[in-house]
Structures are given as C-alpha cells and as structure tokens.
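What follows is a single structure, written as structure tokens, with notes after it.
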Amino acid sequence: MVFPLLHTFLLTSIPDELTARESLLTPAVGVGLFVAFVVISIAKLLKSDIFTSLILSNVKTVSLYAYIRESHPLNKGGSLLLVLNYLISFGLVLYIISGFSNLDLTTEIAIVLVVPFALLAWSLCSMMVVGLITGERRVFSEPFAMKLVGVQFLGLFYFVVALVLSLHPFGSQFFISIVIWAFIVETIVRLLKSIRVVYSKGVPWYYIILYFCTLEILPLFVAYYLLLRDFE
C-alpha cells in the first residue's frame, strides 16, 4: 500500500520539462564569493585551527583577552585575513540586497565599499579615542578584541549566507532579515559582554551607558535610517 502511494507521489512530483532556475549568481557576486573563499582558505592554511579558536573566542567570557592573545592573536595573518573577509562578505551581501532595490550603480558601490568599513572603523576608533582621552586604554582592550573576533565570525556567516543564496535562491525579505538579525544579534551579544567586562573593572554605570548609547548604538540607528531611506 505504501509503495504504490510513494510511486504515485514521485511521478506527480517530477516536472514534464526542465526549466531554467532563477539565480542571483551574477558575475560580480561570483567574483566576490571567489575572492572571499580564497581569503578564508589562506587564513585556514596559515592557522589550521583558526575556526575552532574563533568560535571559542566568541563564546568565551572569562579571561578572553589572555585566550585571544595566546590562541587567536589578532595581529597575525590568519586573523587579519578574516577581518578582510568580513569587509568582502559584508559588502557582498549588501550588494545582493541592493540588487533587490532600484539603486543606481554609484549608490550601490558606495554602500558596498563604505558601510562595512565605516561600521568597523567607527567602533574601533571610538574605543581607541575614548581610551586615549581618559587614559584608560586597558579598559577597552577586551571590548576591542571582542569587536574584532565578532566581525570575523560575522564575516564567515555572511559568506555562507551569500553562497547558499547563490546556489539556492530564496525570498529577498527572508535574506534581508537574516543579514540584519545576524548583525543585531552579534552586536547585542558583544555589547552585553563588553558592558560586563568594563563594569567589572570599576567603570561607573552612567559612563558605560553614555558611551555605548552615543558611540555604539546611536550610529547604528543613523546608518539604518540612511540605508532604509535609500532602499525605499
């Protein structure tokens, strides 16, 4: 009884003719995926356990800075290449998202090249400047490291999402939601861990709230508003 029903289901599921599947794998997306894959591969060759150490760096909460310094040094070739992959892969998903809208080519290029670098540079420079002004650079050492390992992991995730989309297209709204929520989750987790670390070093709550609201959260709202206006 089961086998005849299965046979009938398979026969009705097979299309009468093969049709071309809509694909978002444009030449630009293909080149971006290839470059990102090469960068990730070289990072893996330079440090064989780089993915394991990256995952542990993102989930570890105690003695994070010491662990990163020993097992996942941020000034080595593998880590720097993962940061480069973040810039490439983040730009790649932004390029794909811009393809869902009616943006002109100049705006697309500006978004792809500027947004990933600007978000990363703003966060890192804010911590460095505040650390220099207050003379408390050591307080920001772990949040600084958290930001870098966070974007490294986010870059790998964006690469996988872009690769899956190019091979198996799905809805634009679903894709945009994945990209946005991945960034939000990474940011929230990093900020919570950073607040915990900074507070444990004796920094008052009102300074922590003032810093993160003005130099971390507010710029994200501004960037979101500007991008949303362009995509609308």
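Could I have the simple spin-label model distance between Thr52 and Leu167, label points 7 Å from Cα toward Cβ, reported in nm to one decimal?
2.4 nm
Along the Cα→Cβ direction, 7 angstrom out, place labels at Leu45 and Ala28. What is the inter-label distance in nm?
2.9 nm
Of all trypsin sites (Lys or Arg not before Pro) in region 58-90, which ones are in loop regions per DSSP and have a Cβ with at most 13 other Cβ atoms within 10 Å?
Here the trypsin sites (Lys or Arg not before Pro) that fit, given the DSSP loop and packing criteria, are Lys76.
Identify the chymotrypsin sites (Phe, Trp or Tyr not before Pro) of region 38-141 meeting these criteria: DSSP loop state and at most 15 other C-beta atoms within 10 Å of the C-beta.
Passing both the DSSP loop test and the Cβ count: Phe100.
Would you mind computing, in nm to one decimal, how far apart the modelled labels at Arg137 and Trp205 are, each placed 7 Å from Cα along Cα→Cβ?
3.1 nm
Answer rounded, prolate or oblate for region 45-151, using the Cα gyration tensor with square roots of eigenvalues a ≥ b ≥ c: rounded when a/c is under 1.5, else prolate when a/b is larger than b/c, else oblate.
Oblate is the answer for region 45-151, as a/c is 1.5 or above yet b/c matches or exceeds a/b.
Of the heavy-atom accessible surface of region 72-115 (probe 1.4 angstrom), what whole percent is carbon and sulfur?
It is 67 percent, rounded to a whole number.
Please give the per residue volume of the convex hull enclosing the alpha carbon atoms of region 105-194, rounded to a whole number of Å³.
100 Å³
So what J values fall out for region 79-95 if you push phi through Karplus, 6.51 cos²θ - 1.76 cosθ + 1.60 with θ = phi - 60°, rounded to Hz, Gly and Pro as x?
Result, rounded to whole Hz: 5, 5, 5, 5, 5, 4, 5, 4, 4, 6, 5, 5, x, 5, 5, 5, 5.
The values are calculated or read from the model by the stated rules, or taken from the named source; none is laboratory data. Note that the structure is a prediction, hence the values are computed from the model and not measured. Every residue, glycine among them, receives a Cβ derived from its backbone with ideal geometry; neighbour counts consider all protein chains shown. Accessible surface areas use protein heavy atoms only, side chains included; no ligands, DNA or RNA. Shrake-Rupley method; radii C 1.70, N 1.55, O 1.52, S 1.80 Å.
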